[in-house]
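Structure record follows, encoded as structure tokens.
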Amino acid sequence: MSELVQDKESVVAATTSSFSNTTPTELNHSRTFLDARTEEDLISGLRKEIEAGRLPPNVASGMEELYWNYKNAVLSSGASRAAHAVISNMSVAFDRMLLGVEHPFTFNPYHKAIREPFDYYQFVHTYIRPLIDFKNSYVGNVSLFSELEDKIRQGHNIVLISNHQSEADPAVISLLLEAQCPYIGENIKCVAGDRVITDPLCKPFSMGRNLICVYSKKHMNDDPELVDMKRKANTRSLKEMATLLRSGSQLIWIAPSGGRDRPDPSTGEWFPAPFDSSSVDNMRRLVEHSGAPGHIYPMSLLCYDIMPPPPKVEKEIGEKRLVGFHGTGLSIAPEISFSDVTADCNNPNEAKEAYSQAMYNSVNEQYKTLNSAINHGRGIEASTSTVSLSQPWN
């Protein structure tokens, strides 16, 4: 936990090199947070940056709130060097957030993870790893992930249809597969909503992922004046995805619910949000028309406790960042054939709905197994005939 991906001097050296069109004055990035050695240094640094006019008060307030939440979560793990990890990880996180405010990064419709000169991918892993209780985390059918890697290397396209629980989902996928299938984590391309590429507290973490950037249907009409722009942007992203699939060897993760899962307001129980059948069908048709062999697998995630979303969908950017230390889960099931599911359907719309429901049912069943293992304390014994749980990092 105490290991940093890069020492602070290497972070300074890489500070603005990954940004295009920088000027000599832009290279004078503040060292306030990288020089921090204590909690007091970090918190007073926020005040210093506000006074210098480099950090808006509302962003600084969000950063401070994140610090306290992250600290409480990591310390609750009981790890021997948890306090050191908090200061180390938050100092680099604050530095990246400040840099993003000073020199805003713009995401292309298809964004490739920035790995140098500053490795944002490993930065995310270092930050998220202390939040995962690996003793109470499980992967379902891990051997299937190894099979995916073989198919991708052979030129096949793979699409993972999944639920979506937190901003940490991509990192959870990578970290739970890091020991046995690191290729999956490094090569997965996530279909991401605009909020994770616009929120200043979230952008540095998004920069470390391969992203296909879209505007979520849930937020399409938040501002009527931007609807046309959002639709055109989504069309560009769709074309980028089609181009990628035509080249083969692609691994794409999409959550067709259009957003994160939310708990049942009456019971408080979490469950995968219903899928949008049009989103599932669009991916299916893109895969079928790519010209390369393609496969679609249902995948399930359980990790809401480490970064739970707001109880309700919010219009405004800048949600509160709650953080926790908890077990997480990831599972995958065999691919579902469209022709097998829809053989008895009478029309295309019925077939579309049937296929989407089959995907959702599989994700939901896997989720129940993960929930039994993690939240109900059954562990490996929660395995079923279709979901074999393991801890591949042990």
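The values are calculated or read from the model by the stated rules, or taken from the named source; none is laboratory data. Computed from a predicted model, the values in this text were never measured in an experiment. Using ideal geometry, Cβ is built from the backbone for each residue, glycine included, and neighbour counts are taken over all protein chains shown.
Quick one: in segment 101-143, of everything that is within 23 Å of GLU240 (Cβ to Cβ) and assigned to a helix (DSSP H, G or I), which residue is farthest from the chain's Cα centre (by Cα)? Checked segment 101-143; the qualifying residue farthest from the chain's Cα centre (by Cα) is TYR120. One residue stands out in segment 229-260 among those that are in a loop (DSSP other than H, G, I, E, B), farther than 21 Å from SER174 by Cα and not hydroxyl-bearing (Ser, Thr, Tyr): the one that is modelled with the highest pLDDT, namely GLY248. Kindly indicate which of ASN157, ASN163 is touching a Gly at 6+ places or on another chain (Cβ under 6 Å) and surrounded by 19 or more Cβ atoms within 10 Å (Cβ to Cβ). After applying the criteria, what remains is ASN157.
Taken together, GLY318, GLY324 contain a single residue that is touching a helix residue (DSSP H, G or I) at 6+ places or on another chain (Cβ under 7 Å) and at pLDDT below 95, which is GLY318. When segment 50-73 is limited to residues that are assigned to a helix (DSSP H, G or I) and touching a Leu at 6+ places or on another chain (Cβ under 7 Å), the one that is farthest from ASP133 (Cα to Cα) turns out to be ALA60. Taking the stated definitions as given, is LEU226 at pLDDT below 95, closer than 28 Å to LEU66 by Cβ and surrounded by fewer than 18 Cβ atoms within 10 Å (Cβ to Cβ)? So LEU226 fits the description; yes. A Cβ distance below 7 Å, combined with a sequence gap of six or more or placement on separate chains, defines the contacts here; from segment 130-148, residues that are at positive phi reach residues that are part of a loop (DSSP other than H, G, I, E, B) in the pairs ASN141/ALA333; ASN141/VAL387; ASN141/SER388. Remark: pairs (first residue in segment 116-129, outside the structural domain of ARG209 (by TED's automatic domain parsing); second residue part of a helix (DSSP H, G or I) and surrounded by fewer than 21 Cβ atoms within 10 Å (Cβ to Cβ); Cβ separation under 6 Å; 6+ apart in sequence or on different chains) = PRO117/ALA14; PHE118/ALA14.
Given the structure, is GLN366 under 12 Å from TYR138 (Cβ atoms) and either acidic (Asp, Glu) or in the same structural domain as TYR138 (by TED's automatic domain parsing) (or both)? For GLN366, the condition - under 12 Å from TYR138 (Cβ atoms) and either acidic (Asp, Glu) or in the same structural domain as TYR138 (by TED's automatic domain parsing) (or both) - is met.
Per this entry, ALA83 is counted among residues that are part of a helix (DSSP H, G or I), surrounded by fewer than 21 Cβ atoms within 10 Å (Cβ to Cβ) and over 17 Å from the mean Cα position of the chain (by Cα).
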